[in-house]
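K.L.:
Provided herewith is a single structure, encoded as structure tokens, for subsequent inquiry.
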Amino acid sequence: MAILVTGGAGYIGSHTCVELLNSGKDVVIADNLYNCKKSSLDRIRALVSKDFKFYECDIRDAEGLQKIFDNEKIDSVIHFAGLKAVGESVEKPLEYFDNNVNGTLVLLDVMRKNNCKKIVFSSSATVYGMNNISPLTEDMEVGGVTNPYGRTKFMIECILKDLYTSDNDWSICLLRYFNPIGAHKSGTMGEDPNGIPNNLMPYITQVAIGKREFLNVWGDDYDTPDGTGVRDYIHVVDLALGHLKAVEKVEADNGLFIYNLGTGIGYSVLDVVRAFEKASGVKIPYKIAPRRAGDIATCFSSSEKALKELGWKAERGIEEMCEDSWRWQSQNPQGYPD
Ligand code: NAD
Ligand code: UD1
């Protein structure tokens, strides 16, 4: 039986596929290649001992998905496919709701028709909104999200909860990621953003290779130890290993499970800059700029529930996250080849 990985050619999906395949699982990837290069699939192949199937397929295409279920023995789904740029979602809300929410509805309907009722979903710490105080625990109220991207995650969580209430044969795991950074140790796989990066680490690595002149630090007047925003950065390989535990959970038990995937540790923007400089030996020039709209001062997880119920804990620290991000960026200054 195989795991269908939607969005498996993207940043988190590709790292997860490596860990799934190397643990002996059968994997089928469905990706429309909208936000990735096909060459990421070759990079996965080079790191694993068994092959996988790839379908160029949009999750909104019910017929395309049905063909995958006809051809393959799909037992469970890890659902990464989605658009993820907060700023773009404000410009293009309809595209975000269509791709993320409608895409998930189409996927769930095809799964139900094929009696496949096990799914792990990529949610985000963004669902905790602006008002909860860190460390964030899974039982806190969610919602109060300030942008369309975050709302798609919140809405999909609601849909999946309602689905489970309607039919307890489903087994559903919502994974709320904190801030994934880092790259595969080999330096052959990593994050490859289009255009100007929005997120901190890809921006820093582009400054380090000379593609950008300096880092804008969005605000130094927050109520944090050094005034800059504090986040819970998690190595993408730890995140990938969390998916392995989560898919084993939905394979073993029926239920609706919710887990934070974070380290439980908060680092400020300037902590990350210093850690990156130490890991790379490259100086990162920065300027303090006004706060970015929608940002909060502090966001970090309680990661106790995942440890207790999944036996999962992030093992890789900030130094390793920075070293691996740098290895990827310096060995692939243009990202994945076309
Ligand atoms: P990514 O853009 O690298 O990967 C997403 C993949 O999905 C891409 O390969 C893209 O081509 C594919 N895709 C998008 N829409 C599709 C569709 N309609 N049909 C088929 N394929 C489609 O992003 P990522 O960083 O790997 O994130 C994966 C998931 O995790 C996303 O759902 C994202 O919202 C969520 N997430 C990411 C972060 C983060 O910081 N990276 C944080 C929280 C949650
Ligand atoms: C952002 C998204 C969030 C998403 C998450 C993971 C926003 C408002 N939130 O979270 O919805 O789930 O990414 O993809 O976009 N920073 C700088 N300079 C930069 C970039 C970032 O100072 O050039 C700071 C930010 O102000 C923040 C920290 O670095 O304090 C981390 O930023 P980022 O990587 O964008 O992640 P989040 O804001 O946590």
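K.L.:
P(r) for region 87-238, please, calculated from all Cα pair distances in 5 Å bins and given in %.
P.N.:
Here the calculated profile for region 87-238 is 2, 7, 13, 16, 18, 17, 13, 7, 4, 2, 0.
K.L.:
Can you give the FRET efficiency to the nearest 0.05 for Glu304 and Asn198, using r as the Cβ-Cβ distance and R₀ = 25 Å?
P.N.:
Efficiency, rounded to the nearest 0.05: 0.25.
K.L.:
With the chain treated as a Gaussian network of Cα nodes joined by springs under 10 Å, which of Pro202, Pro93, Pro148 yields the largest mean-square fluctuation?
P.N.:
Evaluated over the chain, the most mobile residue of the options is Pro93.
K.L.:
Let me ask something else. In the chain, what % of DSSP beta bridges are antiparallel (nearest 5)?
P.N.:
Percent antiparallel among DSSP bridges in the chain is about 5.
K.L.:
Anyone know which of Ser40, Ser134, Ser124 comes out most mobile in the 10 Å Cα GNM of the chain?
P.N.:
Ser134
K.L.:
Here is a follow-up. Can you pull a Stokes-Einstein diffusion coefficient for the chain at 4 °C (1.567 mPa s), Rh from Kirkwood over Cα pairs, as a whole number of µm²/s?
P.N.:
Using the Kirkwood radius from Cα pairs, D works out to 64 µm²/s.
K.L.:
Please identify, among Ser186, Ser171, Ser302, the residue showing maximal mean-square fluctuation in a Gaussian network model of the chain using a 10 angstrom Cα cutoff.
P.N.:
Ser186
K.L.:
If you don't mind, another one. Per residue, how many Å² of accessible area does the chain show with a 1.4 Å probe?
P.N.:
43
K.L.:
Charges at C-beta only: +1 for Lys and Arg, -1 for Asp and Glu. How large is the resulting dipole of region 1-104 about its Cα centre, in Debye rounded to 20?
P.N.:
360
K.L.:
Taking 0.36 nm per residue of separation and subtracting the Cα-Cα distance, what length does fully extending Ser23 through Asp338 add?
P.N.:
110.5 nm
K.L.:
For region 38-85, take the alpha-carbon Rg, divide it by the Kirkwood Rh, and send me Rg/Rh. The partial results should precede the final answer.
P.N.:
Values: Rg = 12.7 Å, Rh = 12.8 Å.
That ratio equals 0.99.
K.L.:
Then there is this: Relative contact order for region 106-147: what percent, with Cα pairs under 8 Å and sequence separation of 6 or more?
P.N.:
Working: 24 pairs, mean separation 14.0, N = 42.
Reported relative contact order: 33 percent.
K.L.:
Of Ala306, Ile296, Phe257, which is farthest towards the positive pole of region 244-338's charge dipole, taken about the Cα centre with +1 and -1 on the beta-carbons of Lys, Arg and Asp, Glu respectively?
P.N.:
Ile296
K.L.:
Could you give each residue of region 240-253 its phi-based ³J(HN,Hα) in whole Hz, using Karplus coefficients 6.51, -1.76, 1.60 with θ = phi - 60°, and x for Gly or Pro?
P.N.:
Result, rounded to whole Hz: 4, 5, x, 5, 4, 5, 5, 5, 5, 5, 5, 5, 8, 10.
K.L.:
Could you work out the per residue convex hull volume over the alpha carbons of region 178-291, in cubic angstrom?
P.N.:
Taking the convex hull of the Cα positions in region 178-291, it is 141 Å³ per residue.
K.L.:
Placing +1 at every Lys and Arg Cβ and -1 at every Asp and Glu Cβ, with all other atoms neutral, what dipole size does region 233-338 have around its Cα centre, in debye to the nearest 20?
P.N.:
460
K.L.:
Further question on the same structure: Which of rounded, prolate, oblate describes region 258-300, given a ≥ b ≥ c as roots of the alpha-carbon gyration tensor eigenvalues and a/c under 1.5 marking rounded, otherwise prolate only if a/b is larger than b/c?
P.N.:
Verdict is oblate for region 258-300.
K.L.:
Can you pull the percent of Cα pairs in region 205-249 with separation above 14 Å?
P.N.:
Beyond 14 Å sits 70 percent of the P(r) for region 205-249.
K.L.:
Using only the Cα atoms of region 233-338, each taken as one equal point scatterer with no solvent, compute I(q) by the Debye sum, divide by I(0), and report log10 of the ratio at q = 0.12, 0.17, 0.20 Å⁻¹.
P.N.:
Treating every Cα as an identical point scatterer, log10 I(q)/I(0) equals -0.57, -0.96, -1.11.
K.L.:
Run the numbers on the chain and let me know its relative contact order in percent, using alpha-carbon pairs under 8 Å that are six or more apart.
P.N.:
Relative contact order comes out at 19 percent.
K.L.:
Just to confirm the number: angle between the C-alpha axis of helix 318-331 and the first principal axis of the chain, 0 to 90 degrees, nearest 10?
P.N.:
It works out to around 80 degrees.
K.L.:
Turning to a different aspect of this structure: With the convex hull built on the Cα atoms of region 139-200, state its orientation-averaged projected area in nm².
P.N.:
On the way: hull surface 28.3 nm².
With the hull built on Cα positions only, its mean projection is 7.1 nm².
K.L.:
Let's test the formula: R0 of 22 Å, r as the Cβ-Cβ distance of Arg274 and Phe214. What FRET efficiency results, to the nearest 0.05?
P.N.:
It comes out at approximately 0.90.
K.L.:
Continuing with this model, one more query. Please report, to one decimal in angstroms, the Kirkwood hydrodynamic radius of region 1-115 built from all distinct Cα-Cα pairs.
P.N.:
14.4
K.L.:
Follow-up. Taking all protein chains in place and a 1.4 Å probe, what share, in percent, of the accessible surface of region 240-338 do carbon and sulfur account for?
P.N.:
50
K.L.:
Another question, if that's okay. In whole percent, how big is the carbon plus sulfur part of the accessible area of region 84-133, probe 1.4 Å, protein atoms only?
P.N.:
54
K.L.:
Projecting each Cα onto the charge dipole of the chain (Lys/Arg +1, Asp/Glu -1 at the beta carbon, about the Cα centre), which of Cys57, Tyr203, Val27 comes out farthest on the positive side?
P.N.:
Of the candidates, Tyr203 comes out farthest on the positive side.
K.L.:
Assign unit charges at the C-beta atoms only (+1 for Lys and Arg, -1 for Asp and Glu), then state the dipole size of region 30-70 relative to its Cα centre in Debye, rounded to the nearest 20.
P.N.:
280
K.L.:
Can you find, among Leu241, His79, Ser171, the residue sitting farthest towards the positive end of the charge dipole of the chain, where Lys and Arg contribute +1 and Asp and Glu -1 at Cβ?
P.N.:
Value computed over the given set: Leu241.
K.L.:
So for region 1-154, averaging the separation of alpha carbon pairs under 8 Å that are six or more residues apart and normalising by length, what relative contact order in percent results?
P.N.:
About 23 percent, as a whole number.
K.L.:
Give the angle, between 0 and 90 degrees and rounded to the nearest 10, that separates the Cα long axis of helix 103-113 from the longest principal axis of the Cα atoms of the chain.
P.N.:
The angle comes out at about 30 degrees.
The values are calculated or read from the model by the stated rules, or taken from the named source; none is laboratory data. On a predicted model such as this, the values are computed, not experimentally measured, just so you know. No Cβ is skipped: glycine too gets one built from the backbone with ideal geometry, and neighbour counts run over all protein chains shown. Calculation scope for accessible area: heavy atoms of the full protein, side chains included, ligands and nucleic acids excluded. Shrake-Rupley method; radii C 1.70, N 1.55, O 1.52, S 1.80 Å.
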